[in-house]
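Here is the structure we will look at.
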Amino acid sequence: MTIGALGNYDFSAWEEPDSSAEAREFLESFFKYQRHEFIRKLRDLDAEQLVAWAIPPVELSVLGLVRHMTQMEHAALTWGLGGGDRVMAYGEDDYAGGSVDTVDADLRAYFGEVAKADTAITAMPSLDSLGAGHRRPLRPTLVKMIDEYALHAGQAHMLRFAALGEMIR
C-alpha cells in the first residue's frame with residue numbers, strides 16, 4: 001500500500017554532501033541529507049507498520065518520530081527562524097500519538113512543515129542571523145537539526161526493521 005502523502009517521494013539514496021563546500025552550503029546540504037535519510041526510513045511501510053510499537057510498552061513508532069520531527073521543524077526552523085505563532089500541534093507527548101487513521105494527515109503536516117522550514121532557512125541572510133522566534137543563530141540551529149535527524153533516523157531504522165519483520169536496507 002502506498003500512503004498518499006508519500007506517493008511522489010523519491011526514496012533513492014543520496015551521496016553525503018561535499019565537505020569542502022562553503023560553511024552555509026555544507027550545513028544546509030548536510031541538514032537536508034539527514035532529513036532525507038530520516039524520510040527514507042518510511043519506505044515500504046504501510047499505515048499499520050508506521051504506527052506499530054516495536055518494543056511494547058514503549059510508546060514509540062515510526063509515525064511518532066514523524067510527529068516529533070514535525071514539531072522540531074516548526075519549533076527550530078519555521079517558528080524559530082521565521083517567527084510568528086509557535087504551535088505545538090501534538091503537545092508535549094508527540095512521540096506517543098497517531099493512529100492508522102491519522103497517518104496521511106500526519107505525513108501531510110510533516111511535509112508541509114518541511115516546506116515552511118525550508119522557506120525560513122532560505123530567508124536567513126547568514127549563518128549568524130538570529131531567528132525571529134527563538135533568537136538563536138542559524139548555524140547552531142542547523143547543527144541541532146542535523147543532530148535531531150541523525151538520532152531519530154537511527155531509531156526509525158530499527159523500528160522499520162521490527163515493523164517489516166526483516167532487515168531491508
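The values are calculated or read from the model by the stated rules, or taken from the named source; none is laboratory data. In this text, all values refer to a predicted model and were calculated from it rather than measured experimentally. Glycine also receives a Cβ, built like all others from the backbone with ideal geometry; neighbour counts cover every protein chain displayed.
Would it be correct to say that V62 is surrounded by fewer than 19 Cβ atoms within 10 Å (Cβ to Cβ) and not acidic (D, E)? Against the criterion (surrounded by fewer than 19 Cβ atoms within 10 Å (Cβ to Cβ) and not acidic (D, E)), V62 does not qualify.
Going by the structure shown, is T141 crowded, with 20+ Cβ neighbours inside 10 Å and in contact (Cβ under 8 Å) with a residue 60 or more places away in the chain? Yes; evaluated as a whole, the condition is true for this residue. Condition check: in contact (Cβ under 8 Å) with a residue 24 or more places away in the chain, of a type outside the set (D, E) and surrounded by fewer than 20 Cβ atoms within 10 Å (Cβ to Cβ). Does A21 satisfy that? No; evaluated as a whole, the condition is false for this residue.
Sub-8 Å Cβ pairs linking a first residue in region 145-169 that is free of Cβ contacts under 8 Å to residues at least 24 places away in the same chain and of a type outside the set (K, R) to a second residue that is surrounded by fewer than 17 Cβ atoms within 10 Å (Cβ to Cβ) and assigned to a loop (DSSP other than H, G, I, E, B), at least 6 apart or interchain, are F161/M167; F161/I168, ordered by first then second residue. Close contacts from region 91-110, counting a first residue that is basic (K, R) and a second that is modelled with pLDDT under 90 and outside any loop (DSSP other than H, G, I, E, B), with Cβ to Cβ under 7 Å and a gap of 6+ residues or different chains, come to R108/A5.
For S12, indicate whether it is touching a helix residue (DSSP H, G or I) at 6+ places or on another chain (Cβ under 6 Å) and not acidic (D, E). Criteria not met by S12.
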